[in-house]
Amino acid sequence: MAVITIDGIRLEVPDNKNVLDCALEAGIYIPHLCHHPDLPENGSCRMCIVEVEGEEHPVTSCTLKAKDGLNIRTNSEQIAKLRSLALELLLSGHPEDCSTCPKYGNCELQTLIQYIGANNARMRCRTKGFKAEESNPLIVHDMNRCVLCGRCVRACNDLRGVKVLQYQKKDLETYVGTIHNKLLIDSDCRFCQACTEVCPTGTIRDKRQLMETKAKKEDVVVPCRSACPAHTDVPRYIRFIKEGKFDEASAVIREKVPFPKALGYVCNHVCELECKRKEVNEAMSIRNMKRYAAEQDTGSCWRGKGKQLPDTGKKVCIVGGGPAGMTAAYYLRKQGHDVTVKEALPTVGGMMGYGIPSYRLPRTIIAEEAAVITEAGVKVEVNARVEKPLELLGEYDAVLMAIGAHVGARLPMDGNDLPGTILNIDFLREASLGKTAEEIGMGKHIIVLGGGNVAFDCARTAKRLGAEEIHLACLEAREVMTADDEEIEQAKEEGIFVHPAQTFERITGETQVTGVDFMNVKSFHFDENRRAVIEKEEGSEHHIDADTVIFAVGQRPDLTEEAGLELFRGSYLVVKEGTTSTTGTQGIFAAGDVVHGTKSVIQAIADGRNAAMEIDRYLGGDGDITEILAPEQEASPYIGRIEGFGYQERKGTQVTPVEERQDNFNLVDHGICQGDICAEAGRCLQCDLRLQITAPRLWGDYSDKKEANA
Ligand code: FES
């Protein structure tokens, strides 16, 4: 250690630590610009000059090493003059009008100008004439605003080891760019955005400005994690996968969800929609990586190791054993409550077991993951339909209604109740229970009305039950159909005719369905009252023959006023404003589709977590259901250069050939293969590393101390 004195304040600091950091850490502000605590010093801006007793000239404090006896003055008339001069030189090529800069109000240079009080108009005399480079994904480079502090170059070269950004020359101007001015993707950039993070001006900035949104910075920087309704830590588990640590990866996922494997098969992966890699070429295959990790998991990180609080003596009944109910049950049990799930159907899983066909999600997976929940102590009663939830309050301290939305909707149109019409959810449930086409009442020529994943599940299930001709028609144009692209493509491969942009005029037939009359849709949108506004193409009437019509246009909860609970839109449960799950009836909570209609498995799981927190608090707990199951991970900031990184393609999955899959319910998609999994994980931009970079502290953060020192 060394003892140094700064502005009369005696400090004990590590030998050889730079004096600027010693001062800043002690709350003594010395202006600086090229210095960044995570980067090697280059001492170029000279903002940080100080006077050292015994030295003739001021020296840069960022390159001055602490040693015993140093006596330093951070301010004097001479220093102020020199700083002002140095700043004016920096500003000589910087645009005068800060107000047009996207970083206005958040710029380190701007605050420095305010602190030093430089005459910024005097020296702003040169226009560099660079064109802002906006053709790269994620990042804008506007070299007109650059003051050559070199932080980005050091971040790219020293902190990350990617070595893409260099100083370049154009005529007499120095600027920062890539060799031969290649696009970042052609220079093997890893798009980690360390350069963006450390840039003190508006020179290198995010295409989507952080300031433009009210969202938290970490949510914008790592959008996959924030997009996941359960906020699964995606970059963290991808990093484990890259290292081949599948138990650890799976434990990260399990910190937020009790159905990692089921999600790996059927999650609607909203994370992938937000993945920044999509801007470079293709989004990460996040769902399939989750699936691979969950399939390899031996449970070594989490089995018997999670949180389990002592028994509280409180009893909770969960009505409905779908993903929302089972998730809530699991976390409430971990909080020490005595939990019973009452499920109306013969097994738990809800829509995972009775909506999603088994060729997409094998039932053994649901059973395996539900077993973890029952092993944690949750009691499950199947074939136990609850008609009067209020009566449960006599036996239980809290009741969670998580009954899902198990009643299909019949469109109001001619012929909608003819024999031969079937509702989506009834059809899929019966098929899941192993019934034949005949038992379900399905013919040979099918029309499915609807364009979401459930409609495709119906069409593809009909195919597997022996239908000869299947048509699927929906109002939406192909580009805005809500079903996953892979669902649509696989259905087409199986011979299903897909007809987007159709109105359903009437179901024809006298005593039995004979077909559907359609018209083509020219345009379709919802108005501000969520009413469909449809423009039909004149003269486009046409008919398709069928003996069976399956309505796949939504579901609603199986609930009426007889349940004694407050409902809206006829069958949905009302939760109190400002809560996620608390109903107006003391002790009764609600979660999942019964509150907001059908969404997704991951949304239901997130709802189950929220409900568990609220119920735990209601029962006297702290509502904290967080768990750390995976070991701490030291993510190295040094990611290095990888040739062709930006062009690495998303790894596909292995799919059973069409001729082998369309007459049975065997699994269709076999996920990413072993040979590809680490390579796919290696495509991740590791956006979260950016959050490791120390955020700047501006002089205002030190102003109290400065005033005290003045
Ligand atoms: Fe020390 Fe720039 S901060 S020279």
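The values are calculated or read from the model by the stated rules, or taken from the named source; none is laboratory data. Keep in mind that what you see is a predicted model, and the values were worked out from it rather than measured. Cβ coordinates were reconstructed from backbone atoms using ideal geometry, including for glycine residues, and neighbour counts include every protein chain displayed. Only protein heavy atoms, including side chains, enter the accessible area calculation; ligands, DNA and RNA are left aside. Shrake-Rupley method; radii C 1.70, N 1.55, O 1.52, S 1.80 Å.
The table below lists the values:
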| item | result |
| --- | --- |
| The stretch 1-76: relative contact order in percent, alpha carbon pairs under 8 Å with at least 6 residues between | 41 percent |
| Between the stretch 375-417 and the stretch 511-564, the Cα center-to-center distance that results, in Å | 27 Å |
| Sum of -39500 (n - 2.57) over DSSP H runs of 4+, divided by residues of the chain (222 nm, nearest 500) | -7500 deg cm²/dmol |
| Solvent-accessible area per residue for the stretch 646-707 (1.4 angstrom probe, square angstrom) | 53 Å² |
| Accessible area per residue, Å², the stretch 226-317 with all protein chains present, probe 1.4 Å | 35 Å² |
| Probe 1.4 Å - accessible area at Lys463, Å² to nearest ten | 40 Å² |
| Dipole axis of the chain (+1 Lys, Arg; -1 Asp, Glu on Cβ), positive-most option in Val19, His141, Thr421 | Val19 |
| Residue-normalised accessible area of the stretch 382-539, expressed per residue, 1.4 Å probe, Å² | 47 Å² |
| Rounded to whole Hz, the Karplus (6.51, -1.76, 1.60) HN-Hα couplings of the stretch 134-149, x for glycine and proline | 10, 8, 8, x, 6, 10, 10, 10, 10, 5, 5, 9, 6, 10, 6, 6 |
| Between the stretch 146-177 and the stretch 589-657, the Cα center-to-center distance that results, in Å | 37 Å |
| Whichever aspartates and glutamates have a C-alpha closer than 12 Å to that of Lys522, once near sequence neighbours (fewer than 8 apart) are set aside | Glu476, Glu535, Glu537, Glu538 |
| Accessible surface, 1.4 Å probe, highest first, among residues Asp676, Asp417, Asp15 | Asp417, Asp15, Asp676 |
| Along principal axes, Cα extents of the stretch 1-135, largest first, whole Å | 49, 34, 22 |
| Lys599 accessible area, 1.4 Å probe, all protein chains in place, Å² to nearest 10 | 130 Å² |
| Probe 1.4 Å, all protein chains present, accessible-area order of Ser187, Ser358, Ser44, largest first | Ser44, Ser358, Ser187 |
| Surface accessible to a 1.4 Å probe, Ser581 within the full protein complex, Å² | 0 Å² |
| Local net charge near Met519, Cβ-Cβ under 12 Å (Lys/Arg +1, Asp/Glu -1) | -3 |
| Accessible carbon and sulfur surface of the chain relative to its total accessible area, %, 1.4 Å | 48 percent |
| Cα-based helix-to-principal-axis angle, 77-91 vs the chain, degrees rounded to 10 | 50 degrees |
| The chain: angle of helix 286-296 to the longest principal axis, Cα-based, in degrees nearest 10 | 80 degrees |
| Crossing angle, helix 601-618 versus the chain [Cα axis fit, 0-90 degrees, rounded to tens] | 80 degrees |
| Too-long pairs where the Cα-Cα distance tops 28 Å, listed order kept, from Lys278/Lys334; Lys182/Lys651; Lys217/Lys305; Lys342/Lys435 | Lys278/Lys334; Lys217/Lys305 |
| Charge sum, other residues only, whose C-beta stays under 13 Å from Ile139's C-beta, Lys/Arg counted +1 and Asp/Glu -1 | 0 |
| Alpha carbon Rg of the stretch 235-386, scaled by the compact-globule rule 2.2 N^0.38 Å | 1.11 |
| Calculated over the stretch 34-101: convex hull of Cα atoms, volume per residue (Å³) | 117 Å³ |
| Per-q log10 I(q)/I(0), the chain, q = 0.06, 0.09, 0.12 Å⁻¹ (Debye; single scatterer per alpha-carbon; no solvent) | -0.48, -0.93, -1.26 |
| List Ser432, Ser135, ordered by accessible area with a 1.4 Å probe, largest first | Ser135, Ser432 |
| Positive minus negative residues near Ala367 (Lys, Arg vs Asp, Glu; Cβ under 14 Å) | -2 |
| Counting DSSP beta bridges with both ends in the chain, the antiparallel % (nearest 5) | 55 percent |
